[in-house]
Every structure is written in C-alpha cells, then in structure tokens.
1. I need the helices (runs of 4 or more DSSP H) fully contained in segment A:67-176, keeping only those with at least 3 residues that are modelled with pLDDT of 95 or more and more than 13 Å from chain C (Cβ to nearest Cβ).
2. Between C:Ala192, C:Ala186, C:Ala166, C:Ala114, which is closer than 24 Å to B:Asp253 by Cβ, more than 14 Å from chain B (Cβ to nearest Cβ) and aliphatic (A, V, I, L, M)?
3. Return a yes/no flag: does segment C:239-254 have any residue that is assigned to a helix (DSSP H, G or I), touching a residue at least 60 places away in the same chain (Cβ under 8 Å) and buried (at least 20 other Cβ atoms within 10 Å of the Cβ).
4. Name every residue in segment B:242-261 that is at the interface with another protein chain (Cβ under 7 Å from one of its Cβ atoms), under 15 Å from B:Leu280 (Cβ atoms) and not in a loop (DSSP other than H, G, I, E, B), in order of residue number.
5. For B:Thr309, state whether it is among the polar types (S, T, N, Q) and surrounded by fewer than 23 Cβ atoms within 10 Å (Cβ to Cβ).
6. Mind telling me which of the residues B:Val409, B:Val483 ends up being under 27 Å from the mean Cα position of the chain (by Cα) and surrounded by 15 or more Cβ atoms within 10 Å (Cβ to Cβ)?
7. Can you spot a residue in segment B:287-296 that is more than 7 Å from chain C (Cβ to nearest Cβ), acidic (Asp, Glu) and closer than 22 Å to B:Lys448 by Cβ?
8. Check B:Asp301, B:Asp319, B:Asp330 and return the single one that is among the acidic types (Asp, Glu), touching a residue at least 12 places away in the same chain (Cβ under 8 Å) and out of contact with any strand residue (DSSP E or B) (no Cβ under 9 Å at 6 or more places or on another chain).
Amino acid sequence: MSKASDLPKITSVADLFAVAYQIEADAVERYELLAEQMETHNNTELVKIFRDLARAEALHRDEIRRMAGDIDLVEHARRIAKWKRGESPEEADLGAAHYMMTPWHALQLALAAEQRALDFFASVVKTAPNAEIKKMADEFVEEEAEHVNLVQRLLQRYPKPSSSWSDDLDPPTSQE
Amino acid sequence: MQDTQGISVAVLGSGGAGALTVGNLLLEAACEVGWQGLLTRTVGPQIRGGEAAALLRLTSGRVECMPDRFDLLIGIDWLNAHRFGAEIEVGPHSLVISDPRGGELPPIVAESSARIVKIPMKDLAKAIPDGRPNMIALGIAGRLLGFGLERLLALIEKRLSGKGDDAVRSSQAGIRAGFEAVASLELGRPLGSVEPPTTKRWLISGNDATALGALRGGIRFAAGYPITPATEILESLAPSLAKVGGALLQAEDELAAVNMIIGASFGGTPSLTATSGPGLSLMVEALGLATAAEIPLVVVDVMRGGPSTGIPTKSEQSDLNIAIYGLHGDAPHLVVAPQSVADCLFTTQWATYLAEALQVPAIVLSDQFVGQTQAVIERPADVAFIGQRAKATDIAGAYKRYALAANGVSPMALPGTPGAQYTADGLTHTERGTPTSTAADHLAQLDKRRDKLDRFNYGDHWATIEGSGDIAVVTWGSLTGAVREAIGRATQDGIATTLIAPRLLYPVRPEQFAAALEGKKRALVVEQSHGAQFHRYLRAHYDLPGEVRVLNRPGPLPIRPEEIHRALLEWRK
Amino acid sequence: MSTLDMRAACKPADYKSDVKPIWCPGCGDYHVLMSFTRAFAELGLPPEEIVVVSGIGCSSRIPAYTNCYGFHGVHGRSLALAAGLKVARPDLTIVVASGDGDGYSIGGNHFLHACRRNIDMTYIVMDNRVYGMTKGQPSPTTEPSFDSALSPGGTGLSPFHPLVIALASGANFIARCFSGQPNETATVIAEAIRHPGFSFVEILSPCVTFRPDEKDWKDIVHAAPVPATNDPAKAARRIMTDDGFNLGILYRGDRKPYQPTAKANIDLAELEREFEL
C-alpha cells in the first residue's frame, strides 16, 4: 500500500486536482475490473455491487473534473500522478477478491480503499506547501470521510458471513 | 552409344582404407568425360575407422537408382563386410578384385560365381613411401573403367593440391602401380564412350539439393538439431542463409527447433527445419500447433531405418504413417516426397510454396538414399514456385485473423502491422483468434483448415504418371527411380505398364488418383517399409484395381529394378 | 499523429484487450497483467511492435489479454518460439510469459539455453509454486512438504532455484518481483525490456485457489537491501543466500546479445555455382 514517501509531489492546486482525479479514476477502473471478474465467475450479486461502487467513484471523478475547470486533468495526471511504489490509494485490493465473495467482503474492500484515500488526503493537508492547497485538500478529506461513513452505514445491512462462506462442494475444474 | 544400364563399381575397405575417396574420385573422372552417375555409400557403425563401401553407378543418361548388381567390386579388405554384403550384390558377370591379405570374402561374394582376381593391394602400397592401398584401388578401377592414366594422375594432383608434393607423388605412384597390376584384365562388359555434355551439369547430393530448393522457394530462416542423415541440410543452409540475408539457429533439441521456426514464420519469414524420424517424433506436437494456428513451415524428414534409433545411416520409407497420421486431433497438413536427388530441389521448393500459400506445415519425406547420394544431374530448371503468403496490410475495422474466407486462406497480419494485433493460438479459437469451446466455432475452424487444403489446385505436380497399359506400378519417394527402370525393361518385354508415384501424399487426391488408375486391371505396390505402410495408406484412401500385389521390404536392403521387373514378368505367366 | 505523438499518448489501458481473463478472482496474475500494461506504457512502445509469447498454464493466458501481438503456443516451448521470432524480426520487442510449470519443468531445458543464447528478450515467469490449470499438483518450485493428490505426504524434493540457474546459464538481467506490487513490478519489467540481451524476471504471483497460504507473501516480501550488481560471483552469493523473498533487480550483466545480422551479399545463382561441374 502507498507510503508517505511515495506520494506524488503536489506543488499547486492543479497538481492536487490531477492527483485526486487519478485516484478516483483508478478506483473506477479497479471496481470495474472486479465487476468483470465476478461476471466471469457468475457472482451476479457482486457484479452489481462493484458496478455500483464504480459508478459512485465515477461521479466523484467527474465532479473533480468539473471543479478543476480549464485544467487538462487527464494529461496532467498522466505526468504527475504516479505511484512508483504501492498502488493508487483508493484501489480496492485485487488480491483479496474471491469468486464466492459476499457483499460484506466487497464493502470491506471498499471501506479499506476509502480509508486509504482519506489518509492520503490527510497527509496532503499536513504537507501542503500553501494555504490554497491545504484548503482544497481539506475538502477532499471531508468528502472521503463521508464515503467512509457511507460504506460503514451500508455494512450494517450486511452482517459478516459465517466462516463457511467460501465452501464449494464442487471440485475445481481441470483446464489445460 | 547409349548405355542406360551403365557400369557399377563398389569399393570396400575398413580402418581408414579410404574406399569412399576412391568412389568420389571415380565419379569426378567420369563426370569430366560426360557420364552421369550416382555415388552412395554404406557404412558400419563406427565414427572413424569403420568398414565402408562406396557404391558408384555410371550411365550415359539420367540415373536414379542403384543397379541390380555390381560389375566391379574391389575389396581393399573384407573386415566386417558381412554387415552390408547383402547390399552389394555381384553375379557371374561381375569381376571381384580381392587382396589376398584382406581377410575372408563374405559368403554372398564367395558364393556368387563371380570372377575373383587376387591383387595384393596392401603389399603394392607398402612398396611405395607413404603409399596407400586406396590409390592402388583407384588405379585398378580407373583402368578397368577405361580412364587414361593421365586423367587419374591429374585428378589426384588437383585433390591433394593442399597437401604438398610428397603426398601427390606417393598417391600418383600408387595409382600407377594399380594401373599396371590390371594391365591384362578386362571387365566382362566394356564401358562405352559418351558424348560430352552440351548442357550445364551439377554434382550434388539430395540433402544439398533440398537446401537449395528451400532457398529457391524463399526459406530465409532455419533451425535444427543435428541428426543423421539430415544434418547436411542444416550444414548447407547455415552458410548459405547467412549469404542471402537469412539466419540459422542451432537449437537445443528438436522441440526447440520446430518452435523456433514457428516463431520466425509467425514473424513473416518463410522457415524450415530438417530432421529424421526421432526428431520428427519430437516435433509432432508443435506441428499440430502450426496447423491450428495456421503457421506455414517446412519440415524435412530424411528417413532412416526405424523405429527408435533404428539404423541411422540407412534408408527406409517407414515414416509415412507418422508424417500423415502422427498429429493428434484432426490436423490436415501437407506431406510431399521427392522422387530423386534432383527432385529434392523441386519438391522442397514446391513444399515451401505450398506451405506459404496455404499457411500450413509441410512435411517433406526425403530419405537417406536420396539425401546422402551424390548425383550428376542436369541443372534443375528455375520454376516459379516461390512462397507468397496472403498478408493483411490494410486493416479496416476489427481484424479477423482466422476469418472464414471462401478458399479457407485468411490473410495474415504480421507483427508490426498497426491495428491488427491478435494472438495466435493452439486453443480452438474464433475467427478473431479468441479461445472458445463451442461446437460451432470448433467445427467452423476444422472445416476451414480442411477445405483450404482440399480446394487448392496442386496442378500436375501432385504425382508422376508415366506410360500406359493396364498394369500400374504404384510407388513413392526415392523408389520411383528403381520402378521407372523396371518399367523400362518390362516395356521392352512387351508388358505395358504405368508408373504412378504421388509426390503429394497428403491431402489425398481421390479424383486425380482414380483418373490415373482408369482402365487399370492390376496394380503392383512397391515400397520400402516392413509394415507396407504405403499399401495400407492407398487402401484407406483410394480404390485400387481388382488384383493388387505388394512388393515391400524394410531397409537397408534396397529394392532393385530387377525384383520389380520380375514381379511384373510373373503377371505375364 | 506522428509516431512520437502516439508514443506520448500511450496509456496502460491502450495495451489491454477486450478479452476477459479467466483467472480466479484474487489471482496474482491480474496484477501481473497490470504491470505489463504499465511497463509498456512507460516505455511508450506501439502495441503492434510488441509480441507477447507464452506456453501453457494460467500465466500463459496473458498474451490475449494484451492488445499486443501474441502467441499462445504449446507447453514449455515459448522461449524457443520467441528466439526464432526475434532472430527473424529483430525490430520487435519480445516478452515471453510463463509459469513455474511451463517454464521450469516442461520448459526447463529451453530456459537454460535461452539464458545461454542471450537473445534480446524479456522472460517473465509468474511463479505460484503449483499447477493451477490441472488442479494443484506440485511444480519444480513447490516446497517438499506440499501435500496433494499427486504427491501424498509431500514431494520430499528440494525446490528448483530459478534465479541461480538463470545466472549460471548466462542470463543478462535477473530480478525478482511480487505481483502484489504492480507499480514496482512494472518498473522492473520496463527496465528488463530496456536491458540488452536475455532478461529474466521472476514474479511471485500467489494462487488463491490451490495455495491460499501464499496470501501471506505480501507480508513476507521485502525490497533488496542493495542495488543490482554486474559481478556474477557477487550476484551468485546474494541469490544463493537470500530468503527467496528479496525483491528487485539482483543482477545486471553486460554480455553482448546474440543477434545474427547477416546482410544479403550474393544471389542464389552464385550459391548454385558450387555444384556446377
């Protein structure tokens, strides 16, 4: 996972927008990938959940784009929003996916991702070189905190499944 | 004067006696005065110092098989000659020159009623400083064949030019001594004289001709693993490819070799490997891949005695089954067979052309006999068969690598072509190349790959069909020459016979074959395999006439024209 | 757009095809695919100039998931196929993808000779220490205690050490990565592609289905404490003695890559003269 030392250097509001934009774009892509995986493995309930999560992040991404006005975020992000080590903070952990995963698991992944995004923007606030960036970063922190709350509320609807959630009585299939 | 039978000479020796060199020099001398000829060899299992025999046949015209028996047999010694004595038949009209200190004559020679003359070749050689008995033998054979002494002396001077004057002097002394030793001897059948050639002639082996045919067809990449008797093809290609801008990789094994050429061909370069039975066995999995992924390749199998390691140095036609049926699944591909040393060039070139045109692997079934025989041939004509692969260059819309084209051949995009990226796959795939397991996709691609081969027009080259008459002799590959010679004799006896020798063995051509057999009442099948693989193949795919006889035998004993002739004569009774 | 502009515009997504992977959710290979596309984007290579070659196994499904040219061949022979392709087409960038079964077992001999031959290509082995496509048999890198239907009570065999073998056989670049760090892995893959000659990248890529224990790898792996060496003796000591979870570029050799560069200098008629009498 991302470490403070790997954060892209943010020296302007445009940088911050670009990084925030990229974080949301990565999150969308990751949820879409997970939805595809669930589709391939016929877990339709999870397809819907991951698609919904992707849609929510896409709204957020587009909102950032609107807020950024004339700045070409896509191009700017391509140049500066890079994580040499670890992953983009809001990407759900691919390694934790499972073909029989339940909504509870999906929301756990989402919760962890939102929490990482929150931590990331909090660290930007701490290291912001000027007030303008700090103010903007504060807004992102607030937003991510809202998301964390939202996922936590959603989780109340889905209790933790019993330990047998991944039991599959069919054997795996031999392929090549 | 026409002398189609010609003269045949065998020179035997062991332990470095140099018998093969004698054969080589005699062929060279004969070529100079206009004879055509074949030079082959039979050897023991040793790498150095083994027993070896040079088998030479000289005729005034085209010659494509060894004779029934040898007119002249020179035994520098007879050590272990029983190992291949059966391959060197002599008869009452033959002359055998034997060294009294050369050991016991093999029974097949001793009991042959041939005229046997003892000449102490070893002692004659000993009397000359650094003298060698093979030079005595060269003098003997040279004189008996009617070459003048000067020609022989000049020949050795040219051959040994790099070895210094002493070497030339001692060899020439040996030739003189041999020449003198047979002053009062004559061959039973004299060697006629021939017209000097008016056209350009080549001296070439089948393996070298194969390599040249490949280059003429457009092969520019080869990979291979050394194996007898195919290695010379690779050794011929390695320097040649470098000179024409191509490359050869020596692979770590045959599995790698065949996959290397798949890779190179996928990249767009016409590619070839050469091997023998054991190597082909290792390659068949990848040939299935090339069939499924539609990658053009040429695989030359120079057949040797099998199964397993078998007899690596001797010929057999027993890889027919693996070449046709060795691939798992339904995997239509090409199998072709050259019919002579000269035809190695044409057939390999044609195979390259077909493989490229049809995007499929082609197996060329050569064999040790044509592969390692040196022949004097007319310069093979330049033919228009140069590999032309249908390529996708202008990509509009989604590229379908395996599109179901009307003729089954879908244009191939080479890496580097923008917008046509696809993954070639051995898994059953859709037209786009994406893996699939549906019945419909599987059937569509199986149909496509079968139809592209079936619907192609192979022209007249699919088979050699000669003569007329209600008897057909059906054969293939290197036996074609022996059958042609036998049919020539049968025709003189008034037995009208047709030669049918398919050059294209797979896919089968039922319509053309039926047309060739039209009106035939009898068929004689001639092949060099213990299991009569060719006969069974014919039975599986074609309707043969009512009466069928099979003349089959495993290697290494060649099937001689006389045996085929005799089988035809029996039908007249 | 000029070629240069196109290069500038390459994003990882441009290297992904629309074919959906059949890998199990949670499989490390999803991350490896991501690392591939990120490395290609970093290098800015046009997708049509890259060929991804593979054999058989879970890992070997990767070519079709990229938007590059690909070859999904037979089991164990991808390196040979790639060698032929690169010699015939030196203009292409060749990446070979394999797994521990495909690359180290059935393809073991080709691995040695590809290292020795040192043709300019990048060999990426996704090592999950198990056969996934055939339901969980031990591979050459599996621990001796691994119990399975085919190895009841464990194999009792020492695992194969691919990095040591690569070094001894002459590989010109040796690295170890962990799939769960796709950005670090992408950087190493890009470096491996840039490095001339035969580059070998072993990626520890957990199998969630048959080796759930490998989920722990993410807590075990650690970055190599020192930078890559070009001294094979030093590299041998490091690779032989590390814990198998030491990540990064471990060896960078300077051997010259093998590439025949023959130019046509004669025509066929000249070759034929050798046979004229």
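1. Fully inside segment A:67-176 and qualifying: A:103-127, A:131-157.
2. It is C:Ala166.
3. Yes: segment C:239-254 contains one or more residues that are assigned to a helix (DSSP H, G or I), touching a residue at least 60 places away in the same chain (Cβ under 8 Å) and buried (at least 20 other Cβ atoms within 10 Å of the Cβ).
4. B:Leu255, B:Ala256, B:Asn259, B:Ile261, listed by residue number.
5. Judged against the criteria, B:Thr309 is a match.
6. Going through B:Val409, B:Val483 in turn, the sole match is B:Val483.
7. Checked against the condition, which is being more than 7 Å from chain C (Cβ to nearest Cβ), acidic (Asp, Glu) and closer than 22 Å to B:Lys448 by Cβ, segment B:287-296 yields at least one hit.
8. B:Asp330
The values are calculated or read from the model by the stated rules, or taken from the named source; none is laboratory data. For clarity, every value in this text was computed on a predicted model and none was experimentally measured. Every residue, glycine as well, gets a Cβ built from its backbone with ideal geometry; the counts of neighbours run over all protein chains shown.
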